[in-house]
1. Give segment 1-30 a look and list any residue that's surrounded by 12 or more Cβ atoms within 10 Å (Cβ to Cβ) and in contact with a Lys or Arg (Cβ under 8 Å, 6 or more places away or on another chain), or say none.
2. Please name all residue pairs, on different chains or six or more residues apart, with Cβ atoms under 8 Å, provided the first residue is in segment 68-85 and is more than 13 Å from LEU7 (Cα to Cα) and the second residue is open to solvent by 100 Å² or more (accessible area, probe 1.4 Å).
3. Using the structure shown, decide if ALA49 is touching a Gly at 6+ places or on another chain (Cβ under 8 Å), under 16 Å from ILE79 (Cα atoms) and of a type in the set (A, V, I, L, M, F, W, C).
4. Report yes if some residue within segment 6-21 is touching a residue at least 40 places away in the same chain (Cβ under 8 Å) and closer than 24 Å to ASN85 by Cα; otherwise report no.
5. For segment 22-36, what are the residues that are in contact (Cβ under 8 Å) with a residue 24 or more places away in the chain and under 18 Å from ASN75 (Cβ atoms)?
6. Are any residues in segment 46-74 at pLDDT 75 or above and open to solvent by 80 Å² or more (accessible area, probe 1.4 Å), and if so, which ones?
Amino acid sequence: IACADALVACSTGPLHIAAALGKAAIGIYPNLKPMHAGRWAPVGKNAIAISSKNDCNMCKIPSNCLCMKMILCENVAEIIKSKFN
């Protein structure tokens, strides 16, 4: 993690370690309580949380979660470029 420029992950220990180290830490979250970014987002000056604007109410069945599927890799890459370049 110390050698990385950025870390993209769901709410995991490595994401929070990256944020604590001041790395670009990008967390991806569903809009479902208790898993939402409001509770588990990384904290730090270079930390951001990404979640879909829509609630699909299918987050309890991960393979059917449309709100998470709506977060595209291209969109995450654009957010990283705009925030950290």
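The values are calculated or read from the model by the stated rules, or taken from the named source; none is laboratory data. Since the structure is predicted, the reported quantities are computational estimates derived from the model, not experimental observations. Quick reminder, even Gly has a Cβ in these numbers, built from the backbone with ideal geometry, and neighbours come from all protein chains shown. Areas reflect the complete protein model, heavy atoms only, side chains present, ligands, DNA and RNA absent. Shrake-Rupley method; radii C 1.70, N 1.55, O 1.52, S 1.80 Å.
1. ILE1, ALA4, ALA6, LEU7, ALA24
2. Sorted first by the residue in segment 68-85, then by its partner, the pairs are MET68/PRO62.
3. Criteria met by ALA49.
4. Yes, because at least one residue in segment 6-21 is touching a residue at least 40 places away in the same chain (Cβ under 8 Å) and closer than 24 Å to ASN85 by Cα.
5. ALA24, ILE26, ILE28, PRO30, ASN31
6. LYS53, LEU66, LYS69, MET70, LEU72, CYS73, GLU74
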